[in-house]
Amino acid sequence: MSSFEILEALAFVGALVLKDRKIIYANKAVEKILGWGATEVIGSPLNIIFSEPAFERFLEPLSQIEAGNFKALQSDILCRQKDDKDIYCLLSLASGPDGLIVLSLQDAANGSTKDSLTGLHTRKMFFVLAEHEIVMAKRVSRDVHLIFVDVDDLKPLNDSHGHAAGDELLRVVADILRESFRDSDVVARFGGDEFVVLALSEPAGEELMIQRIKALAEIRNREFSAKYGRSLSLSIGAVRYDVTRSLQFALDRADELMYEEKRKKKENKR
């Protein structure tokens, strides 16, 4: 069996063979994942399957393989489907004979991009999408805001009413954040009782965003507190992201501001 026949036999893994950054082979699974038939992509430049920011990111591992620095590399990235929708994929690059490069891709959508409880993006997907949005924001000179949200007193609710009540609270908070931001903004459950949002600029900046979240939380609190005898309360930290610094730096600063608010609430209860 030839190398291409082996690639064709892969039912769930898309496989592309590249030469000089052009596609010279695509198996049937590529069409299942991206919608592009083999005859449509063969002979095309590689960037046909990426958005422009994603392709720029992809060039780094590709260049490393081309230079012979690595035999194989893996990457998480957004690929572009034929209908112009983005899809989160796991990519593997491997060097082959005669300057060929094999690119394999898998749809990572099953369980790895959406939080099973809230339906929001996962922490891992947040970083993939945030990187994409930051590149776009730099190009059009738009501000980017990071909002860190923590659910107050989730553990006492779990202890008094069970984890089903805690899960309900997390779903309510997810709904509040979905209603507070645009579809183009990146809203994710960061883990446990923490949520994070990356949003493009508004005239009033992050202060307006915080006010919107708290206004919706106050409305939803009426029903929640009547049901459980406990308040729906959120601590929020927000910063304008300096694109010259790392994303993690901005997240850490927003996290610090969130904990400052949480500490003030505890001090006021004394």
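The values are calculated or read from the model by the stated rules, or taken from the named source; none is laboratory data. Source: prediction; values computed, not measured. Positions of Cβ are generated from backbone atoms using ideal geometry, with glycine treated the same way; all protein chains shown enter the neighbour counts.
A few comments on the model shown:
- Hey, Ile210 farther than 29 Å from Phe50 by Cα, among the hydrophobic types (A, V, I, L, M, F, W, C) and either surrounded by fewer than 16 Cβ atoms within 10 Å (Cβ to Cβ) or in contact with a Phe, Trp or Tyr (Cβ under 7 Å, 6 or more places away or on another chain) (or both) or not: no
- Filter pass, Arg171 being over 21 Å from Ile134 (Cβ atoms) and touching a strand residue (DSSP E or B) at 6+ places or on another chain (Cβ under 8 Å): no
- Scanning region 107-126 for residues that are on the phi < 0 side of the Ramachandran plot, surrounded by fewer than 18 Cβ atoms within 10 Å (Cβ to Cβ) and of a type outside the set (Ser, Thr, Tyr) turns up Ala109, Asn110, Lys114, Leu117, Arg123, Lys124.
- In this entry, Ala72 passes the filter for residues that are small (Gly, Ala, Ser), under 17 Å from Arg21 (Cα atoms) and in contact with a strand residue (DSSP E or B) (Cβ under 7 Å, 6 or more places away or on another chain).
- For Leu200, the criteria (1) modelled with pLDDT of 90 or more; (2) within 23 Å of Asp115 (Cα to Cα); (3) in contact with a helix residue (DSSP H, G or I) (Cβ under 9 Å, 6 or more places away or on another chain); (4) not aromatic (Phe, Trp, Tyr) hold in every case but one, which is (1).
- Highlighted here are the strands (runs of 3 or more DSSP E) found entirely within region 175-263 that include at least 3 residues which are under 21 Å from the mean Cα position of the chain (by Cα) and closer than 21 Å to Asn158 by Cβ: 186-191.
Each row is one residue, and each column tells you yes or no for (1) in contact (Cβ under 8 Å) with a residue 60 or more places away in the chain; (2) farther than 30 Å from Val173 by Cα; (3) among the basic types (Lys, Arg); (4) surrounded by 14 or more Cβ atoms within 10 Å (Cβ to Cβ).
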| site | (1), (2), (3), (4) |
| --- | --- |
| Ala26 | no, yes, no, yes |
| Trp36 | no, yes, no, yes |
| Thr39 | no, yes, no, no |
| Pro53 | yes, yes, no, yes |
| Pro61 | no, yes, no, yes |
| Asn69 | no, yes, no, no |
| Gln74 | no, yes, no, no |
| Ala94 | no, yes, no, yes |
| Val102 | yes, yes, no, yes |
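- Set side by side, the residues Asp150, Asp167 differ, and just one is assigned to a helix (DSSP H, G or I), in the same structural domain as Arg182 (by TED's automatic domain parsing), modelled with pLDDT of 90 or more and of a type in the set (Asp, Glu), which is Asp167.
- Test: Lys265 is surrounded by fewer than 11 Cβ atoms within 10 Å (Cβ to Cβ) and of a type outside the set (Gly, Ala, Ser): no
- Looking only at region 126-167, residues that are more than 30 Å from Leu200 (Cβ to Cβ) and without any contact (Cβ under 8 Å) to a residue 12 or more places away in the chain come to 6 in all.
- Residues of region 245-267 that are within 28 Å of Ile134 (Cα to Cα), of a type in the set (Lys, Arg) and in contact (Cβ under 8 Å) with a residue 12 or more places away in the chain: Arg253 alone.
- Taken over region 79-92, the criterion of being surrounded by fewer than 18 Cβ atoms within 10 Å (Cβ to Cβ) and charged (D, E, K, R) is satisfied by Lys82, Asp83, Asp84, Lys85, Asp86.
- Looking across region 73-98, the residues that are outside any strand (DSSP E or B) and of a type outside the set (Asp, Glu) come down to Gln81, Lys82, Lys85, Gly96, Pro97.
A quick yes/no check of all residues on (1) modelled with pLDDT of 90 or more; (2) within 24 Å of the chain's Cα centre (by Cα); (3) of a type in the set (S, T, N, Q):
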| residue | (1), (2), (3) |
| --- | --- |
| Met1 | no, no, no |
| Ile6 | no, no, no |
| Pro45 | yes, no, no |
| Ser51 | no, yes, yes |
| Ala54 | no, yes, no |
| Gly68 | no, no, no |
| Lys71 | no, no, no |
| Ser92 | no, yes, yes |
